[in-house]
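Student: Could you have a look at this structure, given as structure tokens, before my questions?
The values are calculated or read from the model by the stated rules, or taken from the named source; none is laboratory data. Please read these numbers as outputs of a predicted model, since none were measured by experiment. Note that we place each Cβ from the backbone using ideal geometry, even for glycine, and neighbour counts take in every protein chain shown. These accessible areas exclude ligands, DNA and RNA; they are computed on the full protein's heavy atoms, side chains included. Shrake-Rupley method; radii C 1.70, N 1.55, O 1.52, S 1.80 Å.
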Amino acid sequence: QVQLVESGGGVVQPGESLRLSCAASGSGVSAYVISWYRQAPGKQRELVATITSGGRTLYDNSVRGRFTLSRDNVKNTVYLQMNSLEPEDTAVYYCHARRMLNTYWGQGTQVTVSS
């Protein structure tokens, strides 16, 4: 069993930055693929970025170059550094962990980008 707790969301102006954290607890967390998804009002949940257990990162085109994903396997925490935020980034951001057939979701954290 893995538990995921997101934090770091908030309200910022366009162009500003936020860093989201996903703290994971449970056995074997470092072996999990961790992803961030987001869901804006009235839209489907979409994949934002993924980091493998080995640290390889993949990004959606909409955030590549602005968002950076990293993981600290000692602290069992994954970080999503979000720079140059745009109003279109407004959404609830969810952390997701996957290993083989096991998947887990966090409760989400709200990010609002507004002037």
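Student: State, as an integer percentage, the relative contact order of the chain based on alpha-carbon contacts under 8 Å between residues 6 or more apart.
Tutor: Relative contact order here is 36 percent.
Student: Short version: ³J(HN,Hα) in whole Hz for each residue of region 21-32, in order, from phi by Karplus 6.51 cos²θ - 1.76 cosθ + 1.60 (θ = phi - 60°), x for Gly and Pro, what are they?
Tutor: 10, 10, 8, 10, 10, x, 7, x, 4, 5, 8, 7
Student: Could you give each residue of region 53-64 its phi-based ³J(HN,Hα) in whole Hz, using Karplus coefficients 6.51, -1.76, 1.60 with θ = phi - 60°, and x for Gly or Pro?
Tutor: So the J values, rounded to whole Hz, are 5, x, x, 6, 10, 9, 10, 5, 4, 5, 10, 4.
Student: Roughly what percent of Cα-Cα pairs across region 72-115 reach past 13 Å?
Tutor: Cα-Cα pairs in region 72-115 separated by more than 13 Å: 67 percent.
Student: I need the trypsin sites (Lys or Arg not before Pro) found in region 1-81, filtered to DSSP loop residues with at most 12 other beta carbons within 10 Å of theirs.
Tutor: In loop regions of region 1-81 (DSSP not H, G, I, E or B), the sparsely surrounded trypsin sites (Lys or Arg not before Pro) are Lys43, Arg56, Lys75.
Student: Still on this structure, please answer the following. If you count only protein heavy atoms with a 1.4 Å probe, what accessible area per residue comes out for the chain, rounded to a whole Å²?
Tutor: Per-residue accessible area for the chain comes out at 54 Å².
Student: Just to be sure I follow: if Rg is taken over the C-alpha atoms of the chain and Rh is the Kirkwood radius over the same atoms, what is Rg/Rh?
Tutor: Over the Cα atoms of the chain, Rg/Rh equals 0.95.
Student: A follow-up question, please. Carbon and sulfur together cover what percent of the accessible area of the chain at a 1.4 Å probe radius?
Tutor: Of all accessible area on the chain, carbon and sulfur atoms account for 46 percent.
Student: Which far-off residues, 5 or more places away or on another chain, put their amide H under 5 Å from the one on Phe67, with H placed in the peptide plane?
Tutor: Amide H neighbours of Phe67, under 5 Å, 5+ apart: Asn83.
Student: Determine the principal axes of the Cα atoms in region 1-43, then give the extent along each, sorted from largest to smallest and rounded to whole angstroms.
Tutor: That works out to 38, 24, 14 Å along the principal axes.
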